Amino acid sequence: MNLTSIATTHNHTPFTPIQKLAKTNDLLIKQNSFLQIKQAAEQGVATMQVLLGHHYELGLSVTQSWTQAVYWYELAAQQNHTDGCYRLALLYESGKGVPQNIQTAIKYYTIAAQNKHVSALTRLGKLYYLGYAGEDGGYRAFQLFLDAVELLGVEALFMVGLCYSRGIGTVQNDEQALFWYTQAAEQNYAPAQTNVGAMYEFGRGVEQDYVQAALWYEKAAYQKDASGLLNLALCYLYGRGKPISAENAVYYFTQAAELGDAEAQHNLGLCYQHGVGVDQDWQKAVYWYQQSMQQDYAPAIFHFGGCAWEGVGMAKNVDLAIQCFQDAARLGLSEAQRVLAIVMPKTESFAGSLKS
């Protein structure tokens, strides 16, 4: 088959000379634009330094390089360019292109926040919230989130709700938490939609309402929020606000599991182990337990140990099983502690009989 027939088969036509010329011109325009940005950046124009750093960060018209991104953001930050400080702080926080340094990130977030950069206010608030700035961090975080809210920061609305929910930086108040979560949820912020659902599910700050909970989880799940997907799956599994459907539960567990949610991975493993909503498959159960174990999720470690003990979905391995039971017990899983109390005397007496 020649090139023309291949192109026709895939509903494309070969490029005409004029089309080729147009594509070449587009490329030249992009290259010239990059060269102009680079030239202005080298002349010390802070806005262009930030733009050039962004090109390097995303690999636009140039080979992607975190190091180069840091270099150009840093030059802009030295001129107190607000967005340059913010972007540099992000890289210091994540350790991309530079050794991770939270205190340096705080320094540059603070400069950007003082210039009313809404994302910098929110990110800085989160670092205070997580305890990176001393004993008064909670109060400072709460104030930063409120400042970001005044600049219409949607994520900040959610964080204010979280502060009220947990009593961080302010008095614990479920009604206020629900109010702020709802403000963010109504602007389609998925984590807030999940938390509104949880407030309705558990009757916190509002009368318990499983139907409303499921509706909010569904909104978050539609946006591929892992927690929303997990909670919607549980609604279907137990018939809370949704008709019982093991198949739907497995469907949403799978989506959440593929996004890396440890609890969903464990629950999906259980579904495969017991044939709930899906054909029983021990090997798939073991696979999902392993995925969840990587995040130190104690129930998954325990159930993987059970598979190793019984030799289902994997080769029987008593030593590995006991190690898993011990690891799960250390993580506080009482069921693992009970199992250890039963199996350890048996294995120890068996080992002793071998030595005698």
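When the Cα centres of segment 143-218 and segment 52-79 are compared, how far apart do they sit, in Å?
After rounding, the separation between the Cα centres reads 36 Å.
Hey, got a sec? Which trypsin sites (Lys or Arg not before Pro) in segment 108-147 land in a DSSP loop and have at most 10 other Cβ atoms within 10 Å?
none
Between Q283 and T47, what FRET efficiency follows from the Cβ-Cβ distance if R0 is 56 Å, with the result rounded to 0.05?
My answer for the efficiency is 0.50.
Quote the charge dipole size of the chain about the Cα centre in Debye, to the nearest 20; the model charges only the Cβ of Lys and Arg (+1) and of Asp and Glu (-1).
Dipole magnitude for the chain comes out near 800 debye.
Could you sort L90, L331, L232 by their accessible area in this structure, using a 1.4 Å probe and putting the largest first?
Final ranking, largest accessible area leading: L331, L90, L232.
Can you give me the solvent accessible area of M344 with a 1.4 Å probe, rounded to the nearest 10 Å²?
About 50 Å², ignoring ligands and nucleic acids.
For segment 128-220, max minus min Cα coordinate along each principal axis, in Å, sorted largest first?
Sorted largest first, the three principal extents are 41, 24, 18 Å.
On full extension of the chain, what length is gained from D296 through D209, given 0.36 nm per residue of separation minus the C-alpha to C-alpha distance?
28.1 nm
How much of the accessible area of segment 207-321, in percent, comes from carbon and sulfur atoms when a 1.4 Å probe is used?
Ligands and nucleic acids excluded, carbon and sulfur give 47 percent.
Nearest 0.05, what FRET efficiency do E175 and R330 give at R0 = 35 Å with Cβ-Cβ as r?
0.35
Taking mean projected area of the Cα convex hull in nm² as the quantity of interest, determine which of [x] 17.1; [y] 28.3; [z] 18.2 was computed from the displayed structure.
For mean projected area of the Cα convex hull in nm², the calculated option is [y].
Provide D296, D261, D147 ordered by accessible surface of protein heavy atoms (probe 1.4 Å), highest first.
D296, D147, D261
Name the residue from L35, F253, G203 whose Cα lies farthest towards the positive end of the charge dipole of the chain, charges +1 on Cβ of Lys and Arg and -1 on Cβ of Asp and Glu.
L35
How high is the relative contact order of the chain, given as a whole-number percent (alpha carbon pairs under 8 Å, six or more residues apart)?
That works out to 5 percent.
Not counting ligands, DNA or RNA, and with a 1.4 Å probe, what is I342's accessible surface area in Å² rounded to the nearest 10?
Solvent-accessible area, nearest 10 Å²: 100 Å².
Cα-Cα over 31 Å: which of K224/K284; K38/K107; K242/K316?
As for pairs spanning more than 31 Å Cα to Cα, those are K242/K316.
Can you tell me which of 313-319, 34-40, 44-50 comes out highest on packing, and rank the rest after it, using the mean Cβ neighbours within 10 Å?
44-50, 34-40, 313-319
With viscosity set to 0.692 mPa s at 37 °C, what whole-number translational diffusion coefficient in µm²/s follows for segment 40-90 from Stokes-Einstein and a Kirkwood radius over Cα pairs?
The diffusion coefficient I find is 323 µm²/s.
For A341 and T67, calculate 0.36 nm times their separation in residues minus their Cα-Cα distance, and state this gained length in nm to one decimal.
Stretched fully, the A341-T67 segment lengthens by 93.3 nm.
Report the extension gain between I102 and E310 in nm, rounded to one decimal, defined as 0.36 nm multiplied by the number of residues separating them, less their alpha carbon distance.
The span from I102 to E310 would gain 70.3 nm if fully extended.
With every protein chain kept in place and ligands, DNA and RNA left out, what is the accessible area per residue of segment 104-204? Probe 1.4 Å, answer in Å².
Ligands and nucleic acids excluded, the figure is 45 Å² per residue.
The values are calculated or read from the model by the stated rules, or taken from the named source; none is laboratory data. Treat the numbers as computed from the prediction; the structure is a model and nothing was measured. Cβ: placed from backbone, ideal geometry, glycine included. Neighbour counts: every protein chain shown. Ligands, DNA and RNA are excluded from the accessible area calculation, which covers all protein heavy atoms including side chains. Shrake-Rupley method; radii C 1.70, N 1.55, O 1.52, S 1.80 Å.
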